[in-house]
1. Report yes if some residue within the stretch A:351-358 is surrounded by 22 or more Cβ atoms within 10 Å (Cβ to Cβ), touching a residue at least 24 places away in the same chain (Cβ under 8 Å) and closer than 23 Å to A:Tyr457 by Cα; otherwise report no.
2. Scan (1) of a type in the set (A, V, I, L, M, F, W, C); (2) surrounded by fewer than 22 Cβ atoms within 10 Å (Cβ to Cβ); (3) part of a loop (DSSP other than H, G, I, E, B) for the single condition A:Leu149 breaks and write down its number.
3. Which one of the conditions (1) more than 8 Å from chain A (Cβ to nearest Cβ); (2) farther than 30 Å from A:Ala308 by Cβ; (3) modelled with pLDDT of 90 or more; (4) crowded, with 17+ Cβ neighbours inside 10 Å does B:Ala40 fail to meet, given that it meets all the rest?
4. Identify all residues within the stretch A:520-568 that are assigned to a helix (DSSP H, G or I) and either of a type outside the set (A, V, I, L, M) or modelled with pLDDT under 95 (or both); write none if there are none.
5. Being within 14 Å of chain A (Cβ to nearest Cβ) and over 17 Å from B:Ala111 (Cβ atoms) is the filter; apply it to the stretch B:171-180 and report the residue that is modelled with the lowest pLDDT.
6. Select from the stretch A:437-457 the residues that are surrounded by fewer than 18 Cβ atoms within 10 Å (Cβ to Cβ) and farther than 29 Å from A:Met56 by Cα and write down the one among them that is farthest from the chain's Cα centre (by Cα).
7. Output yes when any residue across the stretch A:163-181 is more than 8 Å from every other protein chain (Cβ to nearest Cβ) and modelled with pLDDT under 95, and no when none is.
8. Which condition number in (1) facing another protein chain (nearest Cβ under 7 Å); (2) closer than 26 Å to A:Val113 by Cα is the one that B:Asn13 fails?
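The values are calculated or read from the model by the stated rules, or taken from the named source; none is laboratory data. Keep in mind that this is a model prediction, so the values were computed, not measured. Neighbour counts are summed over all protein chains in view; Cβ atoms, including those assigned to glycine, are modelled from backbone coordinates with ideal geometry.
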Amino acid sequence: MAYVPLADQDDAHALHDPQSFVTKYIWSQDHKVIAIQYGGTAIFVGLIALGLSILMRLQLGFPDTVSWIDPAFYYQAVTMHGMIMVIYLLTALFLGGFGNYLIPLMCGTRDMVFPFLNMLSFWFYLVSVIILLASFFVPGGPTGAGWTLYAPQSISHGTPGSEGGILLMLISLAVFIIAFTMGGLNYVTTILQARTRGLTLMRLPLSIWGIFTATVLGLFAFPALLVSAIMMGFDLVLGTSFFMPAMMELGAQNDHEGGSPILFQHLFWFFGHPEVYIVALPAFGLVSDVISTHARKNIFGYRMMVWAIIAIGGLSFMVWAHHMYVSGMNPYFGFFFATTTLVIAIPTALKVYNWVLTLWQGNIRLNTPMLFAIGFIFTFVHGGLTGLFLGNVVIDVPLADTYFVVAHFHMVMGVSPVLVLFAALYHWYPKMTGRMFNETLGKTHFWCTFLGTYAIYLPMHYLGFLGVPRRYYEMGNTDFIPETAQALNANITLAAIFVATAQILFFINIFWSLKNGEKSGGNPWGATTLEWQTPDTPPKHGNWGEELPSVYRWAYDYSVPGMDKDFVPQNEPGEEYEKSAHHHKGA
Amino acid sequence: MSFYRDVTRKPWNTVGLPEGIEPRPAFNMPNEKVALIIFATCASVLFSLLVVSYFIRMTVGDWVPLATPTMLWVNTGVLVLSSLCFHLAVLQSRKTGTVRFGSGAGLLSLAGGLLAVLFIAGQYSVSGQLLAAGHGLRVNAANAFFYLLTGIHVLHLLGGLWVWGRAQLRLALGANVDRARLSLELCAWYWHFLLVIWAILFYLLAST
């Protein structure tokens, strides 16, 4: 069969042109609608997870004031908060939401290469969310095994949710992975195969590089979670002994023999660590574009940024056991994994330097998306530096079960990606809706969130040094911890309630601005990338009107000397030349 | 595609359409094939992790190896034939340049799919025999792994059969020949992939 590149199959998209309200907004195959469906669902479950974290904080800050938060509920809240935030919010929103929205627009295509599969991906995701939330309503409630679901804890009798919650969790994860695989195949194939003419790989915006690499990581890492979920499901339902050892359960000998809990940990973290980068790499990409656009400067070291993304992606598969230093592993193993972990700091630091150097001498516009992007640099540096501490075995062993770890991972993969999400949501809001948001509300939202999260997580580092253990429902006999730790805990809780409440500003802003925001026009930020050059805003079905755009330059032609505007869109033709060669001739 | 050449370009230095006015996909093949290769890589990761888990779990003292049922050899032969049919179907369709329901290629692909169904039935009956002989899932982790590995392999094959079924339907209705040919080729690729996976799993089960 003669091969016709997708970009030339202009009539192909007519096949799935929406006919009615239902095909347009519900069973939609349009990547933009699917993106918003993904995003809306992810933010909805994210709010549930936020609510759970407030309940946990109430118990920690003011023990026993809320009578119905018992230890079982506390653990269920911990588990569901972690799992929802990491997988059902961050992964889904970055890749399902922003991936879906931006890939076809930034690559200059009409849609994903497999629109039907893309639609299916969202509906599987929705089903996985419904199954997950259903576990709140089954006898025994959701699982309380911690988000890592370690065997044998997670399926032993007596663990909250071992009646039905854990099974629903495993099923939900399996369905999520199927959804992700369908979406992921689409993202990767679209980026590789369907870029418009002139858009070489190295002309892609860093957002696409981040999303692309993260998707590849997801495609290779999620199978590990799938394998562990299936095997754990077998242990739970069929009574096999993959992970379950022989042990006493509620005073009686269980039916299992010989299972290896360590095997579960290895499988889980072989997924779990790349998962950190599945969340971080799209954030790196998006924030690069936000910073470059609002600093009116090309991103510093574009090629290095691309290589760093790829290097981090590759390295992320070689560090998983640094989550298992206290599992009794061979010290040489610990040495190996500590080394690979610290090596990741090199490409990561390179990216941070490049963001800062992009800002240097830029024409910085301190608007809401830029504030969130700069805020991200701060929180990410803080979270990253404590990662260097914890990557070393000797420092990790005493700190592993304390609040220091909680503070570290919330800074690096909780607060940081969320700040990028806000930066990106504000940055692309005008494209998605055709309206500007309210700047004052946006900036207030930023300062409340940014300062508030510091008020939450900075003291936690200190609590960790004091030895305050994590995962505890209440302190109990811990005389080595001074009384004042409780005062700090109460303050953290107040800050958490403050930050959670401040998020209302965001929702007021985006809903209010839908009707009342100023009309934004097609390219309010003066950005170069293709999504800002669409003929309609918000882009219509098919994105590009009659003809697909051609790309004549890279994604970062900001403040080019000798130009009358301070940006040149990617699809603006220019005299064809090699800039450096041209320069030579002139000299 | 030379990935190295691509990522060492200096994009800020050039203006214009460096590769002409045609869009340039990274791989010169249909998108479906690219997606299939990515999916197969993804599935390989899944199976490798299962194999690694098998080896790790094997080292625990309670492991009692399962004697390989002879019938597995027969099933393997059926799967080889199935893959072969698909291969010949593709060669045939390339030679004649077309594929119809009643044509040689069409019949070969029909046979390929039916043989795969036979393979699945065979695997099912092996499991039944083992269960009847008291080699239940709970008895030993080696048994559990047998059902797990064969089960996941069969699930992948069922996914392939779904695509195969749609392709057959398309052929029967005489719809777009190019689409049907592509489906046929994708089936052949996927069947070869699953045959290789099965060969590895079979070797693993038989040798340990």
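1. Among the residues of the stretch A:351-358, not one is surrounded by 22 or more Cβ atoms within 10 Å (Cβ to Cβ), touching a residue at least 24 places away in the same chain (Cβ under 8 Å) and closer than 23 Å to A:Tyr457 by Cα, which makes the answer no.
2. Of (1) of a type in the set (A, V, I, L, M, F, W, C); (2) surrounded by fewer than 22 Cβ atoms within 10 Å (Cβ to Cβ); (3) part of a loop (DSSP other than H, G, I, E, B), only one is false for A:Leu149: (2).
3. (2)
4. Listed by number, the residues that qualify are A:Glu531, A:Trp532, A:Gln533.
5. Result: B:Ala175.
6. So, considering only residues that are surrounded by fewer than 18 Cβ atoms within 10 Å (Cβ to Cβ) and farther than 29 Å from A:Met56 by Cα, the one farthest from the chain's Cα centre (by Cα) is A:Thr440.
7. As a first pass, look at the stretch A:163-181 and keep what is more than 8 Å from every other protein chain (Cβ to nearest Cβ): A:163-180.
From the residues that got through so far, the ones that are modelled with pLDDT under 95 too are A:163-164.
The answer is yes; a qualifying residue exists.
8. Of everything listed in (1) facing another protein chain (nearest Cβ under 7 Å); (2) closer than 26 Å to A:Val113 by Cα, B:Asn13 misses just condition (2).
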